[in-house]
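For reference, the structure is listed below as structure tokens.
The values are calculated or read from the model by the stated rules, or taken from the named source; none is laboratory data. All figures in this text were calculated on a predicted structure; none of them were measured in a lab. Cβ sites come from the backbone with ideal geometry, for glycine too, and all protein chains shown count toward neighbours.
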Amino acid sequence: MAAVVSLSVLAAVSACAVIDGSQKEASPPAPTAVTDTVRRIGDLADACLSKRGFFPALDAYGGPGPHPIAVFDENARGGVSPILNTPLQPPEWMNEFDPKRYQLIACLGRGHDNGEYVGDCAFAGGVEVPQYRGLYNAVVYEAKTGREVGRELIRGDHTSGCGILEVVDRENPKLYTGPTLIELQNVLGKYVS
């Protein structure tokens, strides 16, 4: 049986963005240039942090596609993690092996707490936590300049998927489903082609 970790802070789930509909989105600060060499996809995470970064050495977003896109979501520690491809789900437009070729970065941020109920997640000790369909605001940036290219709403999976270890808010325990790669492809595909 899986374990649940309770915190008295914001709810964060291992495969989803942080959800807290009560907080207002602030205008993001101007991004700063990241001059470190990009060696892996995780090096692009600076584009989604509160002190956003951009990568002048990367390819510009322009001309005919495809325009490879890296997608990040918030993790339970308040940082961001890439949504990695697996051999079972390799959309070609996200499956760029050279991280210096990414032209776009999508950041799945705080969403809305109004998704539909999809089931309960059972954890060790008889703890059950309700799970809802996640709903995420995504911002797409040009990797080279940090310029905002677009904003989208991305829905989590409509079926329950409980992790082995989850972090939840003790005062308001809820879990949220993350988006499927098909949903990411449907919503973000227009930026890539």
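Would you say Leu135 is more than 20 Å from Ala45 (Cα to Cα) and touching a Gly at 6+ places or on another chain (Cβ under 9 Å)?
Yes: the conditions hold for Leu135.
How many of the residues making up the range 164-190 are hydrophobic (A, V, I, L, M, F, W, C) and either part of a loop (DSSP other than H, G, I, E, B) or closer than 16 Å to Ala70 by Cβ (or both)?
5
Filter the range 92-106 for residues that are within 18 Å of Tyr136 (Cβ to Cβ) and modelled with pLDDT under 85 and give the result.
Met94, the sole residue that qualifies.
Do we have any residue at all in the range 147-170 that's loosely packed, with under 14 Cβ neighbours inside 10 Å, among the β-branched types (Val, Ile, Thr) and farther than 18 Å from Pro82 by Cβ?
yes
Okay, residues lined up against (1) at pLDDT 90 or above; (2) in a strand (DSSP E or B):
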site: Asp20; (1), (2): no, no
site: Lys24; (1), (2): no, no
site: Lys51; (1), (2): no, no
site: Pro56; (1), (2): yes, no
site: Pro64; (1), (2): no, no
site: Asp73; (1), (2): no, yes
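Which one of the conditions (1) surrounded by 13 or more Cβ atoms within 10 Å (Cβ to Cβ); (2) in a loop (DSSP other than H, G, I, E, B); (3) at pLDDT 90 or above does Pro28 fail to meet, given that it meets all the rest?
All conditions pass for Pro28, except number (3).
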